[in-house]
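Down below is the structure, laid out as C-alpha coordinates.
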(Lines give C-alpha, C1' and ligand atoms only; values in the text may rest on other atoms or scores of the structure.)
Protein backbone atom coordinates (compact mmCIF):
# COMPACT_ATOMS: atom_id res chain seq x y z
CA UNK A 1 0.00 0.00 0.00
CA UNK A 2 1.37 3.37 -0.94
CA UNK A 3 2.59 5.71 1.73
CA UNK A 4 0.84 8.70 0.28
CA UNK A 5 -2.65 7.44 1.04
CA UNK A 6 -4.47 9.79 3.27
CA UNK A 7 -5.60 8.71 6.62
CA UNK A 8 -8.91 9.96 7.87
CA UNK A 9 -7.18 12.26 10.32
CA UNK A 10 -4.57 13.91 8.15
CA UNK A 11 -7.08 14.46 5.41
CA UNK A 12 -9.33 16.26 7.82
CA UNK A 13 -12.19 14.18 6.56
CA UNK A 14 -13.49 12.00 9.31
CA UNK A 15 -15.56 9.04 8.39
CA UNK A 16 -18.61 11.06 9.34
CA UNK A 17 -17.98 13.52 6.53
CA UNK A 18 -17.77 10.74 3.97
CA UNK A 19 -20.79 9.00 5.44
CA UNK A 20 -22.83 12.21 5.26
CA UNK A 21 -21.80 12.74 1.66
CA UNK A 22 -22.85 9.18 0.85
CA UNK A 23 -26.27 9.97 2.24
CA UNK A 24 -26.55 12.91 -0.13
CA UNK A 25 -25.39 15.71 2.15
CA UNK A 26 -24.06 18.26 -0.31
CA UNK A 27 -22.41 20.37 2.39
CA UNK A 28 -20.32 17.37 3.35
CA UNK A 29 -19.43 16.72 -0.27
CA UNK A 30 -18.51 20.38 -0.65
CA UNK A 31 -16.07 19.96 2.25
CA UNK A 32 -14.55 16.92 0.58
CA UNK A 33 -14.11 18.89 -2.64
CA UNK A 34 -12.38 21.70 -0.77
CA UNK A 35 -9.90 19.19 0.62
CA UNK A 36 -8.95 17.88 -2.81
CA UNK A 37 -9.63 20.77 -5.20
CA UNK A 38 -6.07 22.00 -5.36
CA UNK A 39 -4.75 18.54 -6.15
CA UNK A 40 -7.33 17.96 -8.87
CA UNK A 41 -7.36 21.38 -10.51
CA UNK A 42 -3.60 21.82 -10.52
CA UNK A 43 -3.08 18.39 -12.03
CA UNK A 44 -5.69 19.14 -14.65
CA UNK A 45 -4.18 22.53 -15.41
CA UNK A 46 -0.73 21.09 -15.97
CA UNK A 47 -1.99 18.16 -18.00
CA UNK A 48 -4.29 20.22 -20.22
CA UNK A 49 -2.47 23.55 -20.36
CA UNK A 50 -5.42 25.88 -19.88
CA UNK A 51 -7.74 26.76 -17.05
CA UNK A 52 -11.00 26.28 -18.90
CA UNK A 53 -10.29 22.66 -19.80
CA UNK A 54 -8.81 22.06 -16.36
CA UNK A 55 -12.01 23.27 -14.69
CA UNK A 56 -14.09 21.03 -16.94
CA UNK A 57 -11.86 18.09 -16.05
CA UNK A 58 -12.05 18.89 -12.34
CA UNK A 59 -15.83 19.16 -12.53
CA UNK A 60 -16.06 15.78 -14.23
CA UNK A 61 -13.67 14.27 -11.70
CA UNK A 62 -15.74 15.43 -8.72
CA UNK A 63 -18.98 14.35 -10.36
CA UNK A 64 -17.52 10.88 -10.82
CA UNK A 65 -16.39 10.94 -7.22
CA UNK A 66 -19.92 11.77 -6.10
CA UNK A 67 -21.32 8.90 -8.16
CA UNK A 68 -18.65 6.53 -6.89
CA UNK A 69 -18.79 7.40 -3.20
CA UNK A 70 -20.61 4.19 -2.38
CA UNK A 71 -18.37 2.09 -4.60
CA UNK A 72 -15.01 3.33 -3.38
CA UNK A 73 -13.47 0.29 -1.71
CA UNK A 74 -11.67 2.38 0.87
CA UNK A 75 -12.22 6.03 1.67
CA UNK A 76 -8.52 6.27 2.45
CA UNK A 77 -7.76 5.62 -1.20
CA UNK A 78 -9.66 8.69 -2.30
CA UNK A 79 -6.54 10.71 -3.06
CA UNK A 80 -4.97 8.16 -5.39
CA UNK A 81 -8.40 7.49 -6.90
CA UNK A 82 -8.79 11.20 -7.66
CA UNK A 83 -5.34 11.37 -9.28
CA UNK A 84 -6.14 8.34 -11.43
CA UNK A 85 -9.50 9.68 -12.56
CA UNK A 86 -8.11 13.16 -13.22
CA UNK A 87 -5.32 11.75 -15.38
CA UNK A 88 -7.76 9.55 -17.30
CA UNK A 89 -10.16 12.42 -17.95
CA UNK A 90 -7.34 14.70 -19.09
CA UNK A 91 -6.04 11.99 -21.41
CA UNK A 92 -9.53 11.67 -22.88
CA UNK A 93 -9.68 15.42 -23.45
CA UNK A 94 -6.28 15.34 -25.12
CA UNK A 95 -7.35 12.54 -27.44
CA UNK A 96 -10.56 14.36 -28.32
CA UNK A 97 -8.95 17.59 -29.25
CA UNK A 98 -5.82 16.04 -30.77
CA UNK A 99 -2.36 16.94 -29.88
CA UNK A 100 -2.16 20.64 -29.63
CA UNK A 101 0.68 22.04 -31.64
CA UNK A 102 3.01 24.33 -29.84
CA UNK A 103 1.99 27.83 -30.68
CA UNK A 104 4.66 30.32 -31.62
CA UNK A 105 5.82 32.05 -28.51
CA UNK A 106 4.71 35.58 -28.03
CA UNK A 107 6.72 36.68 -25.06
CA UNK A 108 4.96 38.06 -22.02
CA UNK A 109 5.52 41.62 -21.03
CA UNK A 110 8.48 42.23 -18.69
CA UNK A 111 7.56 42.57 -15.04
CA UNK A 112 8.74 46.02 -14.18
CA UNK A 113 8.14 45.71 -10.43
CA UNK A 114 10.58 42.79 -10.16
CA UNK A 115 14.07 43.73 -8.87
CA UNK A 116 15.50 42.19 -11.98
CA UNK A 117 12.88 42.63 -14.76
CA UNK A 118 14.95 40.65 -17.22
CA UNK A 119 15.10 37.70 -14.84
CA UNK A 120 11.42 37.96 -13.99
CA UNK A 121 10.55 38.01 -17.65
CA UNK A 122 12.72 34.98 -18.16
CA UNK A 123 10.97 33.09 -15.37
CA UNK A 124 7.53 33.86 -16.74
CA UNK A 125 8.71 32.93 -20.18
CA UNK A 126 10.10 29.66 -18.92
CA UNK A 127 6.85 28.81 -17.16
CA UNK A 128 5.02 29.33 -20.38
CA UNK A 129 7.58 27.37 -22.35
CA UNK A 130 7.41 24.43 -19.96
CA UNK A 131 3.63 24.51 -20.11
CA UNK A 132 3.76 24.40 -23.90
CA UNK A 133 6.40 21.69 -23.87
CA UNK A 134 4.23 19.54 -21.61
CA UNK A 135 1.52 19.47 -24.23
CA UNK A 136 3.92 18.00 -26.77
CA UNK A 137 4.74 14.97 -24.59
CA UNK A 138 3.09 11.58 -24.96
CA UNK A 139 0.32 11.18 -22.38
CA UNK A 140 2.17 8.64 -20.24
CA UNK A 141 5.27 10.81 -19.99
CA UNK A 142 3.21 13.92 -19.37
CA UNK A 143 1.23 12.30 -16.57
CA UNK A 144 4.35 10.82 -15.00
CA UNK A 145 6.29 14.07 -14.95
CA UNK A 146 3.31 16.10 -13.70
CA UNK A 147 2.60 13.72 -10.84
CA UNK A 148 6.28 13.55 -9.94
CA UNK A 149 7.47 17.13 -10.42
CA UNK A 150 4.28 19.15 -9.89
CA UNK A 151 2.51 17.06 -7.28
CA UNK A 152 5.70 15.81 -5.69
CA UNK A 153 4.68 12.17 -5.53
CA UNK A 154 7.28 9.45 -5.30
CA UNK A 155 8.07 7.21 -8.25
CA UNK A 156 6.32 4.34 -6.49
CA UNK A 157 3.17 6.41 -5.96
CA UNK A 158 3.17 7.56 -9.57
CA UNK A 159 3.61 3.97 -10.73
CA UNK A 160 0.66 2.87 -8.63
CA UNK A 161 -1.58 5.64 -9.97
CA UNK A 162 -0.62 5.06 -13.59
CA UNK A 163 -0.69 1.28 -13.30
CA UNK A 164 2.92 0.94 -14.45
CA UNK A 165 6.08 -0.44 -12.97
CA UNK A 166 8.47 1.82 -11.10
CA UNK A 167 11.17 1.17 -13.68
CA UNK A 168 8.86 2.25 -16.48
CA UNK A 169 7.79 5.38 -14.66
CA UNK A 170 11.36 6.30 -13.79
CA UNK A 171 12.28 6.00 -17.44
CA UNK A 172 9.25 8.02 -18.55
CA UNK A 173 10.07 10.81 -16.11
CA UNK A 174 13.69 10.90 -17.20
CA UNK A 175 12.80 11.03 -20.89
CA UNK A 176 10.15 13.69 -20.25
CA UNK A 177 12.59 15.93 -18.39
CA UNK A 178 15.07 15.60 -21.22
CA UNK A 179 12.41 16.59 -23.76
CA UNK A 180 11.35 19.58 -21.68
CA UNK A 181 14.93 20.69 -21.48
CA UNK A 182 15.41 20.43 -25.24
CA UNK A 183 12.17 22.31 -25.87
CA UNK A 184 13.07 25.21 -23.60
CA UNK A 185 16.62 25.31 -24.96
CA UNK A 186 15.34 25.63 -28.50
CA UNK A 187 13.20 28.69 -27.69
CA UNK A 188 15.66 30.32 -25.37
CA UNK A 189 18.44 30.01 -27.95
CA UNK A 190 16.17 31.55 -30.59
CA UNK A 191 15.56 34.45 -28.28
CA UNK A 192 19.26 34.93 -27.75
CA UNK B 1 30.88 7.98 -19.72
CA UNK B 2 30.43 11.12 -21.73
CA UNK B 3 28.24 14.09 -20.85
CA UNK B 4 25.27 12.64 -22.72
CA UNK B 5 25.34 9.65 -20.37
CA UNK B 6 25.62 11.93 -17.36
CA UNK B 7 22.65 13.95 -18.60
CA UNK B 8 20.52 10.81 -18.45
CA UNK B 9 21.72 10.25 -14.92
CA UNK B 10 20.72 13.80 -14.07
CA UNK B 11 17.19 13.53 -15.51
CA UNK B 12 16.79 10.18 -13.76
CA UNK B 13 17.63 11.86 -10.42
CA UNK B 14 20.53 9.59 -9.80
CA UNK B 15 22.05 10.06 -6.37
CA UNK B 16 25.27 8.33 -7.19
CA UNK B 17 28.53 9.67 -5.80
CA UNK B 18 30.07 9.44 -9.26
CA UNK B 19 27.51 11.89 -10.62
CA UNK B 20 28.19 14.34 -7.81
CA UNK B 21 31.88 14.16 -8.53
CA UNK B 22 31.27 14.69 -12.24
CA UNK B 23 29.09 17.72 -11.56
CA UNK B 24 31.91 19.25 -9.54
CA UNK B 25 34.23 19.06 -12.49
CA UNK B 26 31.95 19.50 -15.53
CA UNK B 27 30.42 22.92 -16.11
CA UNK B 28 28.26 21.69 -19.02
CA UNK B 29 26.52 19.06 -16.89
CA UNK B 30 26.16 21.55 -14.03
CA UNK B 31 24.35 23.88 -16.40
CA UNK B 32 22.24 21.00 -17.64
CA UNK B 33 21.30 20.04 -14.08
CA UNK B 34 20.51 23.68 -13.31
CA UNK B 35 18.22 23.96 -16.34
CA UNK B 36 16.39 20.77 -15.40
CA UNK B 37 15.88 22.11 -11.91
CA UNK B 38 14.63 25.46 -13.22
CA UNK B 39 12.17 23.67 -15.47
CA UNK B 40 10.91 21.68 -12.52
CA UNK B 41 10.47 24.90 -10.52
CA UNK B 42 8.59 26.43 -13.45
CA UNK B 43 6.28 23.42 -13.51
CA UNK B 44 5.51 23.88 -9.85
CA UNK B 45 4.94 27.60 -10.18
CA UNK B 46 1.21 27.38 -10.60
CA UNK B 47 -0.93 29.96 -8.97
CA UNK B 48 -4.62 29.39 -9.24
CA UNK B 49 -6.99 32.14 -8.25
CA UNK B 50 -9.43 31.06 -5.52
CA UNK B 51 -12.38 31.96 -7.73
CA UNK B 52 -11.37 29.13 -10.06
CA UNK B 53 -11.86 26.63 -7.23
CA UNK B 54 -15.13 28.26 -6.23
CA UNK B 55 -16.38 28.04 -9.81
CA UNK B 56 -15.62 24.31 -10.03
CA UNK B 57 -17.34 23.52 -6.74
CA UNK B 58 -20.34 25.61 -7.68
CA UNK B 59 -20.67 23.87 -11.04
CA UNK B 60 -20.38 20.44 -9.44
CA UNK B 61 -22.97 21.19 -6.77
CA UNK B 62 -25.35 22.73 -9.31
CA UNK B 63 -24.99 19.69 -11.54
CA UNK B 64 -25.71 17.34 -8.64
CA UNK B 65 -28.75 19.38 -7.60
CA UNK B 66 -30.03 19.44 -11.18
CA UNK B 67 -29.63 15.68 -11.44
CA UNK B 68 -31.47 15.22 -8.18
CA UNK B 69 -34.31 17.37 -9.45
CA UNK B 70 -34.44 15.45 -12.70
CA UNK B 71 -34.48 12.23 -10.70
CA UNK B 72 -37.31 13.52 -8.52
CA UNK B 73 -39.27 14.56 -11.60
CA UNK B 74 -38.89 11.09 -13.07
CA UNK B 75 -39.93 9.52 -9.78
CA UNK B 76 -43.04 11.67 -9.62
CA UNK B 77 -43.82 10.90 -13.24
CA UNK B 78 -43.52 7.20 -12.54
CA UNK B 79 -45.81 7.50 -9.52
CA UNK B 80 -48.35 9.48 -11.53
CA UNK B 81 -48.28 6.95 -14.35
CA UNK B 82 -48.74 4.09 -11.91
CA UNK B 83 -51.65 5.90 -10.27
CA UNK B 84 -53.32 6.49 -13.65
CA UNK B 85 -52.89 2.83 -14.53
CA UNK B 86 -54.38 1.73 -11.23
CA UNK B 87 -57.37 4.04 -11.70
CA UNK B 88 -57.88 2.71 -15.21
CA UNK B 89 -57.77 -0.89 -13.99
CA UNK B 90 -60.22 -0.10 -11.20
CA UNK B 91 -62.61 1.51 -13.68
CA UNK B 92 -62.51 -1.52 -15.95
CA UNK B 93 -63.12 -3.89 -13.05
CA UNK B 94 -65.99 -1.74 -11.78
CA UNK B 95 -67.57 -1.57 -15.22
CA UNK B 96 -67.38 -5.32 -15.72
CA UNK B 97 -68.88 -5.86 -12.27
CA UNK B 98 -71.73 -3.47 -13.04
CA UNK B 99 -72.53 -5.00 -16.47
CA UNK B 100 -71.70 -8.65 -16.28
CA UNK B 101 -71.02 -10.48 -19.50
CA UNK B 102 -73.95 -12.49 -20.98
CA UNK B 103 -73.97 -16.09 -19.87
CA UNK B 104 -72.86 -18.69 -22.27
CA UNK B 105 -75.76 -20.46 -23.96
CA UNK B 106 -76.63 -23.67 -22.28
CA UNK B 107 -77.41 -26.66 -24.42
CA UNK B 108 -79.63 -29.14 -22.77
CA UNK B 109 -81.42 -32.19 -24.03
CA UNK B 110 -84.59 -33.53 -22.77
CA UNK B 111 -84.96 -37.26 -22.46
CA UNK B 112 -81.69 -38.14 -24.02
CA UNK B 113 -82.21 -41.31 -25.99
CA UNK B 114 -80.56 -44.44 -24.89
CA UNK B 115 -78.25 -45.76 -27.49
CA UNK B 116 -78.38 -49.48 -27.62
CA UNK B 117 -75.39 -51.13 -28.93
CA UNK B 118 -75.97 -54.00 -31.23
CA UNK B 119 -73.52 -56.83 -31.32
CA UNK B 120 -71.25 -56.89 -34.25
CA UNK B 121 -72.59 -59.08 -36.97
CA UNK B 122 -70.89 -62.44 -37.02
CA UNK B 123 -70.36 -64.59 -40.02
CA UNK B 124 -73.50 -66.18 -41.34
CA UNK B 125 -74.13 -69.56 -39.95
CA UNK B 126 -74.29 -72.07 -42.70
CA UNK B 127 -75.84 -75.43 -42.27
CA UNK B 128 -75.69 -78.04 -44.84
CA UNK B 129 -79.23 -79.21 -44.61
CA UNK B 130 -80.87 -75.81 -44.58
CA UNK B 131 -81.27 -73.22 -47.21
CA UNK B 132 -78.83 -70.48 -46.97
CA UNK B 133 -80.39 -67.15 -46.04
CA UNK B 134 -78.41 -64.13 -47.04
CA UNK B 135 -78.66 -61.17 -44.79
CA UNK B 136 -77.55 -57.81 -46.07
CA UNK B 137 -76.64 -55.46 -43.34
CA UNK B 138 -76.32 -55.93 -39.70
CA UNK B 139 -78.77 -57.83 -37.73
CA UNK B 140 -80.39 -55.54 -35.22
CA UNK B 141 -83.32 -55.62 -32.97
CA UNK B 142 -86.51 -55.32 -34.89
CA UNK B 143 -87.90 -52.65 -32.70
CA UNK B 144 -86.13 -50.04 -30.65
CA UNK B 145 -85.07 -46.49 -30.46
CA UNK B 146 -82.70 -46.81 -33.37
CA UNK B 147 -85.57 -47.33 -35.75
CA UNK B 148 -87.91 -44.91 -34.18
CA UNK B 149 -85.78 -42.48 -32.24
CA UNK B 150 -87.14 -39.73 -30.19
CA UNK B 151 -85.99 -36.27 -31.33
CA UNK B 152 -83.35 -34.42 -29.43
CA UNK B 153 -84.52 -31.27 -27.81
CA UNK B 154 -81.92 -28.54 -27.77
CA UNK B 155 -82.85 -25.72 -25.50
CA UNK B 156 -80.86 -22.49 -25.85
CA UNK B 157 -81.09 -19.88 -23.15
CA UNK B 158 -80.77 -16.26 -24.05
CA UNK B 159 -80.12 -13.08 -22.13
CA UNK B 160 -83.81 -12.63 -21.80
CA UNK B 161 -85.05 -15.27 -19.38
CA UNK B 162 -88.44 -15.15 -21.10
CA UNK B 163 -86.99 -16.19 -24.42
CA UNK B 164 -85.88 -19.76 -24.84
CA UNK B 165 -85.00 -21.20 -28.18
CA UNK B 166 -86.00 -24.82 -28.50
CA UNK B 167 -84.52 -26.78 -31.34
CA UNK B 168 -85.65 -30.24 -32.23
CA UNK B 169 -83.20 -32.41 -34.08
CA UNK B 170 -83.32 -36.09 -35.00
CA UNK B 171 -80.66 -38.57 -34.13
CA UNK B 172 -78.82 -37.86 -37.34
CA UNK B 173 -78.56 -34.18 -36.48
CA UNK B 174 -81.15 -33.00 -39.02
CA UNK B 175 -83.64 -30.42 -37.96
CA UNK B 176 -87.17 -31.57 -37.74
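The values are calculated or read from the model by the stated rules, or taken from the named source; none is laboratory data. Note that the structure is a prediction, hence the values are computed from the model and not measured. Heads up, the Cβs are rebuilt from the backbone with ideal geometry, glycines too, and the neighbour counts pull from every protein chain shown.
Every residue, every condition in (1) under 17 Å from the mean Cα position of the chain (by Cα); (2) at pLDDT 90 or above, yes or no:
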| position | (1), (2) |
| --- | --- |
| A:142 | yes, yes |
| A:160 | yes, yes |
| A:165 | no, yes |
| A:175 | no, yes |
| A:178 | no, yes |
| A:185 | no, no |
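Across segment A:140-158, what is the total count of residues that are touching a residue at least 60 places away in the same chain (Cβ under 8 Å), in a helix (DSSP H, G or I) and within 12 Å of chain B (Cβ to nearest Cβ)?
At the first step, the residues of segment A:140-158 found to be touching a residue at least 60 places away in the same chain (Cβ under 8 Å) are A:142-143, A:146-147, A:150-151, A:153-154, A:156-157.
Next, from what is left, pick out any that are in a helix (DSSP H, G or I): A:142-143, A:146-147, A:150, A:156-157.
Among the residues that remain, those that are also within 12 Å of chain B (Cβ to nearest Cβ) are: A:142, A:146-147, A:150.
The number of residues fulfilling the criteria is 4.
This table checks each residue for (1) modelled with pLDDT of 80 or more; (2) within 30 Å of residue A:30 (Cβ to Cβ); (3) part of a loop (DSSP other than H, G, I, E, B).
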position: B:65; (1), (2), (3): yes, yes, no
position: B:74; (1), (2), (3): yes, yes, no
position: B:82; (1), (2), (3): yes, no, no
position: B:86; (1), (2), (3): yes, no, no
position: B:102; (1), (2), (3): no, no, yes
position: B:130; (1), (2), (3): no, no, yes
position: B:141; (1), (2), (3): no, no, yes
position: B:148; (1), (2), (3): no, no, yes
position: B:159; (1), (2), (3): yes, no, yes
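Among the listed residues A:32, A:18, identify the single one that is within 11 Å of chain B (Cβ to nearest Cβ) and at pLDDT below 95. It would help to see each step written out before you state the result.
Values: A:18 fails: within 11 Å of chain B (Cβ to nearest Cβ).
Matching residue, one of A:32, A:18: A:32.
Name, by its number, the condition in (1) at pLDDT 90 or above; (2) surrounded by fewer than 19 Cβ atoms within 10 Å (Cβ to Cβ) that does not hold for residue A:137.
Against the list (1) at pLDDT 90 or above; (2) surrounded by fewer than 19 Cβ atoms within 10 Å (Cβ to Cβ), residue A:137 comes up short only on (2).
Hey, any hits in segment B:33-42 for a residue that's modelled with pLDDT of 90 or more, more than 7 Å from chain A (Cβ to nearest Cβ) and in contact with a helix residue (DSSP H, G or I) (Cβ under 6 Å, 6 or more places away or on another chain)?
yes
Check whether at least one residue in segment A:70-82 is more than 22 Å from residue B:64 (Cα to Cα), in contact with a helix residue (DSSP H, G or I) (Cβ under 9 Å, 6 or more places away or on another chain) and modelled with pLDDT of 90 or more, and report yes or no.
Taking every residue of segment A:70-82 in turn, at least one turns out to be more than 22 Å from residue B:64 (Cα to Cα), in contact with a helix residue (DSSP H, G or I) (Cβ under 9 Å, 6 or more places away or on another chain) and modelled with pLDDT of 90 or more.
Can you name the residue in segment B:24-53 that is in contact (Cβ under 8 Å) with a residue 12 or more places away in the chain and surrounded by 18 or more Cβ atoms within 10 Å (Cβ to Cβ) and is also farthest from residue A:153 (Cα to Cα) among such residues?
Within segment B:24-53, the first condition is being in contact (Cβ under 8 Å) with a residue 12 or more places away in the chain, and the residues that meet it are B:26, B:28-29, B:32-33, B:36.
Still in the list and also surrounded by 18 or more Cβ atoms within 10 Å (Cβ to Cβ): B:29, B:32-33, B:36.
Details: B:29: 26, B:32: 23, B:33: 20, B:36: 18 Å.
Of everything passing the filter in segment B:24-53, B:29 is farthest from residue A:153 (Cα to Cα).
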